[in-house]
Amino acid sequence: MGTWGTRNFENDGSQDWIFEMMDNKDGGMVADTLQFTLNKEGALDTSECEDALAAAEVVAALAGKASEDFPEDPLDHLDSLNLLATPALRKLARSVAEKIKESSEMRENWSESGELTEWEAVMADLIKRLD
């Protein structure tokens, strides 16, 4: 049974993405995932959103603004990625979060579930933490 909640790490996809990044010690996955998402034309599907939001959460955590639900083990080992939350990376992550918030399959799912307001609050918090 999969997990699903309005917070960015309350789903299996985001957790899988972050643990894969940490297992491979591949900080390049962050920028690659964000850039792919920003450049993708057409609707973003839910799994793409989960990956991109996990990457955006990594950037926020690197900037010292981790979410309450950021997985503890990866949070303790982010410095091993040799990745910095540069202004350019934070701007990229913020743009991706805004794109997902405005138009995505994930947004449609939350709208249909009746939990859009809660999800939008999580997204607004992420965007604020990326400033």
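For the range 1-77, the Kirkwood estimate of hydrodynamic radius, built from reciprocal distances between every pair of different alpha carbons, is 12.6 Å.
Length gained on full extension, Asp79 to Asp45, computed as 0.36 nm times the residue gap minus the Cα-Cα distance: 9.2 nm.
Distance from the C-alpha centroid of the range 24-55 to that of the range 81-131: 12 Å, rounded to the whole angstrom.
Using only C-alpha positions, report the orientation-averaged shadow area of the convex hull of the chain, nm², one decimal.
Taking a quarter of the hull surface, the average projection is 7.3 nm².
Estimated from helical segments only, the mean residue ellipticity of the chain at 222 nm is -20500 deg cm²/dmol, where each DSSP H run of four or more residues counts as -39500 (n - 2.57).
Loop only by DSSP, 16 or fewer other Cβ within 10 Å of the Cβ. Give me the trypsin sites (Lys or Arg not before Pro) in the range 29-120 that pass, ordered by residue number.
Working: sites: Lys40, Lys65, Arg90, Lys91, Arg94, Lys99, Lys101, Arg107; in loops: Lys40, Lys65.
Qualifying residues, ordered by number: Lys40.
In degrees from 0 to 90, rounded to the nearest 10, what is the angle of the helix 28-39 Cα long axis to the longest principal axis of the chain? In the chain, helix 28-39 runs at an angle near 30 degrees to the longest axis.
Among the lysines of the chain, pairs at least eight places apart or on separate chains and with Cα atoms under 22 Å apart come to 13. Dipole magnitude for the range 12-129: computed about the Cα centre from +1 point charges on Lys and Arg Cβ and -1 point charges on Asp and Glu Cβ, it is near 840 debye. Put in line by how crowded their Cβ is, counting other Cβ atoms within 10 Å and starting with the fewest, Ile18, Ile100, Ile127 read Ile127, Ile100, Ile18.
No value in this document is a laboratory result; all are computed from the given coordinates. Computed from a predicted model, the values in this text were never measured in an experiment. As a convention, Cβ positions derive from the backbone with ideal geometry for all residues, glycine included, and neighbour counts pool all protein chains shown.
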